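Structure record follows, encoded as structure tokens.
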Amino acid sequence: DMPPEHLRKIIKDHGDMSSKKFRHDKRVYLGALKFVPHAVFKLLENMPMPWEQVRDVPVLYHTTGAISFVNETPRVIEPVFIAQWSATWIMMRREKRDRRHFKRMRFPPFDDEEPPLDYTDNLLDVDPLEAIQLELDADEDAPVARWFYDHKPLQYTKMVNGESYKTWTLGLPVMATLYRLAGQLLSDLTDDNYFYLFNKESFFTAKALNLAIPGGPKFEPLFREAGEYDEDWNEFNDINKLIIRSPIRTEYRVAFPYLYNSRPRKVVLAPYHTPMVMYIKAEDPDLPAFYYDPLIHPIAAYRPRRPRRGSSDGRRAAGFSGEARAAPWRRRQ
């Protein structure tokens, strides 16, 4: 691995590409232009998060200085990442009020004739702004407070598989704390029936049938046949076709594609109904994670009476006697 100063010197030396010393490598520079979008993509992909002050990344560069790439693919633990952004969202509300980290910019920031700023001369000695971090409570947030704002939290612990950072296993106290921190961004809608005809399966079917669900996205058609049907065979001379004179709603054609379409191709059947969700989000943060809400779990506080001794139904059996001629009703003969 080379120090960052080595890469900065290569970039600085290639500031003016009109010099004659670069004329032999002109084909290399022109060939590197097609990789510029990927280089910008890797740069944006590894951009520091708001809760990070700086981030050091490995860089892969060409020996001629034609192009360089950030040689890292960022991986995150999904519950931790959502909780980090939720805490940042809370802090950004305060930032909009106080305006400590951001200032309004006047565009364009540079003139057309102005050369680009050199990183070493202008930006290297400037201290970065402080990170936007929520102050965690030492008691309530104790399961996550020590590593919550690390670059790759829990990387060298038993909760993550290792440096590849592909699989993770978090304990219940950690997940409960992360869920509480992520409450600002998590949706209250946990019922899948709410998203009926507005899920991936319905969108795939709408694209295959060249339909647009009302209020939903519009797609390019999957099949582009102009003369889809033969003129000698149509809905009026086919004895096996059911003719419906009234217009069929788009929702019906997407929900039941094999029933309301003449030629369904590449359609995906979406679930018609899922079991009703009986979850109610607790408003009090002090309640436990598994809390039985009294709205849907009524538990009556009845105190059963213990039967007294000598009786089977709780009443005294003294003084009861039956007649000798008593017999069961409809007794077998």
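The values are calculated or read from the model by the stated rules, or taken from the named source; none is laboratory data. In this text the structure is predicted, and so the values were computed from the model without any measurement. Note: ideal-geometry Cβ built from the backbone for every residue, glycine included; neighbour counts use all protein chains shown. For the accessible areas, the whole protein counts, side chains as well, though only heavy atoms, and no ligand, DNA or RNA atoms are used. Shrake-Rupley method; radii C 1.70, N 1.55, O 1.52, S 1.80 Å.
Things to note:
- Here the accessible area is traced with a 1.4 Å probe on the protein chains. For the range 79-152, carbon and sulfur cover 50 percent of it.
- Straightening the chain between residue 94 and residue 249 buys 51.0 nm, computed as 0.36 nm per residue apart minus the Cα-Cα spacing.
- Calculated accessible area for the range 1-54 comes out at 81 Å² per residue, all protein chains present (probe 1.4 Å; ligands, DNA, RNA ignored).
- Cα-based shape type of the range 48-139, given that a ≥ b ≥ c are square roots of the gyration tensor eigenvalues and the cut on a/c is 1.5: oblate
- Projected label distance in nm at residue 273 and residue 193, using a 7 Å step from Cα toward the beta-carbon: 0.7
- Once the Cα-Cα distance is subtracted from the 0.36 nm per residue extended length, the residue 284 to residue 145 segment shows a gain of 47.9 nm.
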